[in-house]
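Step one of this worksheet: look at the structure below.
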Amino acid sequence: MNPDPIFSADGCRVRDPLYFAPRPETRLVENASLDLLDSHRLSFYLDAKEAESPTLSRCSRSQQLHMLNLSYDGTPTVAAMMHFCAYPQGFFPRFQILTAVVDAPDWKEEAVIEKKRLNGSISDLYDQACAFLQEHGQGYPLQALQELVLNSLIHRDYSEASVQTPDYIIFFSDRVEIWNPIGRPDFSPSSGRVGRAPELPNPTIAAMAQTLLGAQLRGAGLKMVHDLLQQAGLPDLTYYVEDQELCMVVKAAQEDPKDMTSALLEFCAAPRSRQEIADFLHVGTVFYAMQRYVRPLLETGQLSMTMPEKPQSSHQRFVRT
């Protein structure tokens with residue numbers, strides 16, 4: 001038994017268990033101090049909370065930080081570090097996002113086109129992830145993918161059990177997978193939660209995300225994702241849990257390649273770039289368009305490359321033979 005109730009087994013201080021139910025996001029980060037937090041962003045959040053609850057203005061800043069689960073006795077919590085520290089990975093190296101683009105329907109190292117490691121606060125991670133989605137998410141509703149990434153950052157497990165597990169965003173040739181560790185094996189983004197008030201794993205982080213990032217109210221974001229996927233003609237969101245990690249899957253459109261062959265060959269009467277072809281097809285990523293539509297036509301000789309000696313060149317063009 002831990003002889004001191006102020007300290008947890010992992011070295012992070014926790015609030016007195018007689019008064020507070022411990023949550024991973026409210027662990028106090030030892031060796032961290034309030035001067036590591038972005039004072040401008042923190043002031044913006046505290047001012048917003050005062051506007052919501054005017055009685056907070058009667059409290060000192062230290063009292064506000066205490067009551068909002070951001071610090072205790074001058075030491076910041078995990079939630080405060082993740083939202084307001086410029087580089088929380090200095091304390092939690094794997095609280096980050098790993099991104100990848102794979103030119104195949106399954107993970108193959110030789111098919112990996114790009115890998116990136118995203119670091120920073122939750123706001124920084126979200127901004128970088130949105131840029132990644134913007135670059136590689138052609139054919140998918142961008143707002144839906146952004147909402148899923150924000151959900152993964154808000155609801156991931158921030159406990160010691162998941163301190164070595166990052167979030168992932170992976171573009172495969174036929175789908176996008178967004179992974180995050182979860183603290184409860186029964187947690188899922190079921191659409192049945194819409195309109196209800198489910199228990200959130202990180203209510204403090206979620207409250208801050210609503211103010212700082214415009215996160216949707218409970219369940220509303222997933223309803224929006226469902227509607228956007230339906231409007232785009234894409235299959236509905238699917239998910240599964242594996243090894244205490246939640247994977248949310250958005251599949252690309254399932255058009256029959258034969259239906260697009262004639263139109264694509266006509267389009268490629270003039271040399272076309274990979275991006276131009278992907279935009280013309282309106283499906284999946286550039287890599288999905290290349291694998292599903294262009295490669296079969298290259299193999300049958302109906303399309304050819306303008307630079308066959310440099311197949312991966314950014315200046316490559318594809319033209320009807």
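The values are calculated or read from the model by the stated rules, or taken from the named source; none is laboratory data. Not measured: the values here are computed from a predicted model. Methodologically, a virtual Cβ is constructed for each residue, glycine included, from the backbone with ideal geometry; neighbour enumeration extends over all protein chains shown.
For residues that are part of a helix (DSSP H, G or I) and surrounded by fewer than 16 Cβ atoms within 10 Å (Cβ to Cβ), scanning just region 190-210, find the one that is modelled with the highest pLDDT.
210
Counting only residues that are in contact with an Asp or Glu (Cβ under 9 Å, 6 or more places away or on another chain) and free of Cβ contacts under 8 Å to residues at least 40 places away in the same chain, give me the helices (runs of 4 or more DSSP H) lying completely in region 30-131 with at least 2 of them.
61-67
Yes or no: residue 65 in contact with a strand residue (DSSP E or B) (Cβ under 6 Å, 6 or more places away or on another chain) and not assigned by TED's automatic domain parsing to the domain that holds residue 136?
Considered against the rule, which asks whether it is in contact with a strand residue (DSSP E or B) (Cβ under 6 Å, 6 or more places away or on another chain) and not assigned by TED's automatic domain parsing to the domain that holds residue 136, residue 65 comes out as yes.
With respect to the numbered conditions (1) under 24 Å from residue 42 (Cβ atoms); (2) of a type in the set (Lys, Arg); (3) surrounded by fewer than 15 Cβ atoms within 10 Å (Cβ to Cβ), which one is the sole condition not fulfilled by residue 115?
(1)
Can you tell me which of 96, 128, 138 is closer than 18 Å to residue 41 by Cβ and either loosely packed, with under 14 Cβ neighbours inside 10 Å or polar (S, T, N, Q) (or both)?
Result: 128 is the single residue among 96, 128, 138 that is closer than 18 Å to residue 41 by Cβ and either loosely packed, with under 14 Cβ neighbours inside 10 Å or polar (S, T, N, Q) (or both).
I need the full set of residues from region 221-243 which are surrounded by 11 or more Cβ atoms within 10 Å (Cβ to Cβ) and assigned to a helix (DSSP H, G or I), in order please.
Residues satisfying the conditions are 221, 222, 223, 224, 225, 226, 227, 228, 229, 230.
Checking the conditions here, which among 123, 162 is closer than 29 Å to residue 230 by Cα, of a type in the set (Gly, Ala, Ser) and surrounded by 15 or more Cβ atoms within 10 Å (Cβ to Cβ)?
When all the criteria are applied, what remains is 123.
Restricting attention to region 133-150, which residues are over 19 Å from residue 221 (Cβ atoms) and in a helix (DSSP H, G or I)?
Across region 133-150, the qualifying residues are 135, 136.
What's the total number of residues in region 157-171 that are out of contact with any helix residue (DSSP H, G or I) (no Cβ under 6 Å at 6 or more places or on another chain) and farther than 14 Å from residue 98 by Cα?
5
Considering only region 2-24, I want to know if a residue exists there that is closer than 20 Å to residue 124 by Cβ, modelled with pLDDT of 50 or more and not basic (Lys, Arg).
No - not one qualifying residue is present in region 2-24.
Being surrounded by fewer than 19 Cβ atoms within 10 Å (Cβ to Cβ) and under 15 Å from residue 174 (Cβ atoms) is the filter here; which residues of region 291-321 pass it?
Across region 291-321, the qualifying residues are 295, 296.
Can you list the helices (runs of 4 or more DSSP H) lying wholly within region 272-321 that have 2 or more residues being in the same structural domain as residue 107 (by TED's automatic domain parsing) and under 20 Å from residue 114 (Cβ atoms)?
Correct list: empty, since no element meets the threshold.
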